[in-house]
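Step one of this worksheet: look at the structure below.
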Amino acid sequence: MESSPRIVIIGAGIVGTNLADELVTRGWNNITVLDQGPLNMPGGSTSHAPGLVFQTNPSKSMALFAKYTVEKLLSLTEDGVSCFNQVGGLEVATTETRLADLKRKLGYAQSWGIEGRILSREECKELYPLLNDDDILGGLHVPTDGLASAARAVQLLIKRTEAAGVKYIGNTAVTGIEQENRRVTGVRTPDGVIEADIVVSCAGFWGAKVGELIGMKVPLLPLAHQYVKTTPVPAQHG
């Protein structure tokens with residue numbers, strides 16, 4: 001029996017762990033996942049992702065990817081709790097042009113098998129009482145949209161794939177990628193070289209740095225953005 005290719009995935013965030021899971025599901029083995037940070041809280045985008053999941057997209061492929069993502073997140077459960085809070089998605093319109101666009105998006109959703117409905121101003125307010133509806137003309141409601149807990153999903157994916165034989169190594173930086181005859185042969189770390197036939201970069205905004213290791217320019221530029229956490233917001237103001 002032919003041996004399985006040795007796969008090294010760089011990055012144990014939401015992308016790397018999902019890739020490991022998808023490969024395992026398809027019968028691949030001999031998979032190692034590396035991360036420069038601790039596995040219980042990698043320092044990339046996964047650790048503070050807001051988790052908004054809107055499935056409707058003009059691209060059928062992207063919409064079906066998002067739909068599959070929702071199904072997968074709902075399947076990741078522990079103690080009866082999933083990684084996805086399916087509260088629904090609401091996009092509102094303050095202009096006739098925007099409302100027409102939401103009606104077009106509803107057409108996409110229905111074409112791709114995603115449930116949705118155009119709501120009136122009053123229905124939007126009823127669904128979300130904190131909404132300032134003075135300028136609202138209507139909204140698109142997709143009840144199967146929601147909020148993903150990316151950090152929790154990663155931990156459950158690690159647990160699931162480890163049980164299937166995937167090896168995870170945290171707190172280990174990648175310092176080089178070994179090559180021979182235009183093919184990768186291993187990934188270099190401070191602890192030595194991990195042999196590999198296939199190397200996949202799932203390093204997020206460190207992807208450009210990984211690309212530099214083999215002389216590849218990755219068109220990726222990290223940008224800072226606002227990140228705010230609030231205390232609980234009252235349902236109604238006095």
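For the peptides 48-56, 75-83, the ranking by packing is 48-56, 75-83, with the highest mean count of neighbouring Cβ atoms within 10 Å listed first.
Helices in the chain, meaning DSSP H runs of at least 4 residues, each add -39500 (n - 2.57). Divided by all residues, the mean residue ellipticity at 222 nm is -9000 deg cm²/dmol. Taking the Cα centre of the chain as origin and assigning +1 to Lys and Arg Cβ atoms and -1 to Asp and Glu Cβ atoms, the resulting dipole is close to 380 debye.
The spacing between the stretch 147-204 and the stretch 29-58, judged by their C-alpha centroids, is 13 Å.
Residues I7, I214, ordered by accessible area of protein heavy atoms at a 1.4 angstrom probe radius and largest first, appear as I214, I7.
Could you give the angle, 0 to 90 degrees to the nearest 10, between helix 14-25's Cα long axis and the longest principal axis of the Cα atoms of the chain? Roughly 70 degrees between the two axes. What the Cα atoms of the stretch 150-235 give is an Rg and a Dmax of 17.7, 63 Å. Free of any trypsin sites (Lys or Arg not before Pro) that DSSP assigns to a loop and that have at most 14 other C-beta atoms within 10 Å, the longest stretch within the chain is 27-181. Given the options N85, T56, G37, identify the residue whose Cα lies farthest towards the positive end of the charge dipole of the stretch 8-98 (+1 on Cβ of Lys, Arg; -1 on Cβ of Asp, Glu). The residue sitting most towards the positive pole is T56. Overall, the stretch 81-148 carries a charge dipole of about 260 debye about its Cα centre when +1 sits on the Cβ of Lys and Arg and -1 on the Cβ of Asp and Glu, all other atoms neutral. Mean separation of Cα pairs under 8 Å and 6 or more residues apart, divided by the residue count, gives the chain a relative contact order of 27 percent. Remark on L119: its backbone amide H falls under 5 Å from those of G139, L140, H141, a criterion applied only to residues 5 or more positions apart or on other chains, H modelled at 1.01 Å from N. Checking (i) 52, 44, 35; (ii) 49, 49, 26; (iii) 64, 40, 38 against Cα extents along the principal axes in Å calculated from these atoms, the matching label is (iii).
Projecting the Cα atoms of L130, G107, A148 onto the charge dipole of the stretch 81-148, computed from C-beta unit charges around the Cα centre, puts G107 farthest toward the positive end.
The values are calculated or read from the model by the stated rules, or taken from the named source; none is laboratory data. From a predicted model like this one, the values you see are computed outputs, not experimental measurements. Don't worry about glycine lacking a Cβ; one is built from the backbone with ideal geometry, like all the others, and counts go over all protein chains shown. Note: areas computed on protein heavy atoms with side chains; ligands, DNA, RNA excluded. Shrake-Rupley method; radii C 1.70, N 1.55, O 1.52, S 1.80 Å.
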